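The values are calculated or read from the model by the stated rules, or taken from the named source; none is laboratory data. The structure displayed is predicted, hence computed values, not measured ones. Neighbour counts are summed over all protein chains in view; Cβ atoms, including those assigned to glycine, are modelled from backbone coordinates with ideal geometry.
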């Protein structure tokens, strides 16, 4: 009889308790949301690598801007993301990949970060925003979702624990990774997770020299244009309330940055 490995035993145990977990409330408080995740870091990173492979092998759905000939814009966007990653505020700075790729799609206002820290930013979002601090606010929000491991919690709720664990173990239908990738690009998080990501965005930027309430600038722009937030940021809590909460957190932390670099941002957008 073939011996059962520790990994398989762990998988069987998780599948066995999945029905119990289905009844667990994902709308719990912040500390509870942080403290409960059935995925190990290793599983989360494995899932992220599989989703990255799916995304980057599907140019029709995700037309990645090639590095060759676009080094300047990649260096610029990665420099902005590094100002967040090097803030000293991330729990998994040294665990996750934190790779940045640009998706060439001018019609889509989107950005998302997969489990394991693979960051994707659409050219439509970059062109839509007015300044570096607005983009940094959005990047900080998405990075927070990954660093706080919100994605695997929400994916478990949407896709089911059995499906995700089957993908991690290599026993799933090949189309499941594609479905997970598509779900990530428009994943709607809980009210608690959205608020937590907003607040962490402020923390990340507080000592950066930038306006730490950059995410509030994004919401103001959306409201000023008469539009609604794109799918990558849930419409709850209300955008107006989010602006107020973000700006209050900036004041509470005593953040002093104000460098929006609008002229440089406009120059860089012309590279796309």
Hits in region 57-73 - residues which are in a helix (DSSP H, G or I) and buried (at least 17 other Cβ atoms within 10 Å of the Cβ): 73
Residues of region 183-209 satisfying the condition of being touching a helix residue (DSSP H, G or I) at 6+ places or on another chain (Cβ under 9 Å), closer than 22 Å to residue 39 by Cα and either free of Cβ contacts under 8 Å to residues at least 12 places away in the same chain or surrounded by fewer than 16 Cβ atoms within 10 Å (Cβ to Cβ) (or both): 188
Filter result for residue 118 (farther than 14 Å from residue 141 by Cβ, touching a strand residue (DSSP E or B) at 6+ places or on another chain (Cβ under 7 Å), surrounded by 18 or more Cβ atoms within 10 Å (Cβ to Cβ) and free of Cβ contacts under 8 Å to residues at least 60 places away in the same chain): no
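Matching residues to (1) over 22 Å from residue 53 (Cβ atoms); (2) in a helix (DSSP H, G or I); (3) at pLDDT below 95; (4) out of contact with any helix residue (DSSP H, G or I) (no Cβ under 8 Å at 6 or more places or on another chain):
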| site | (1), (2), (3), (4) |
| --- | --- |
| 120 | no, no, no, no |
| 133 | yes, yes, yes, no |
| 142 | no, yes, no, no |
| 155 | no, yes, yes, no |
| 164 | no, yes, yes, no |
Residue list for region 78-103, restricted to those being in a helix (DSSP H, G or I) and touching a strand residue (DSSP E or B) at 6+ places or on another chain (Cβ under 6 Å): 78, 81
Selection within region 224-256 - touching a helix residue (DSSP H, G or I) at 6+ places or on another chain (Cβ under 9 Å), surrounded by 14 or more Cβ atoms within 10 Å (Cβ to Cβ), part of a loop (DSSP other than H, G, I, E, B) and at pLDDT below 85: 229, 230, 232, 233, 234, 236, 237
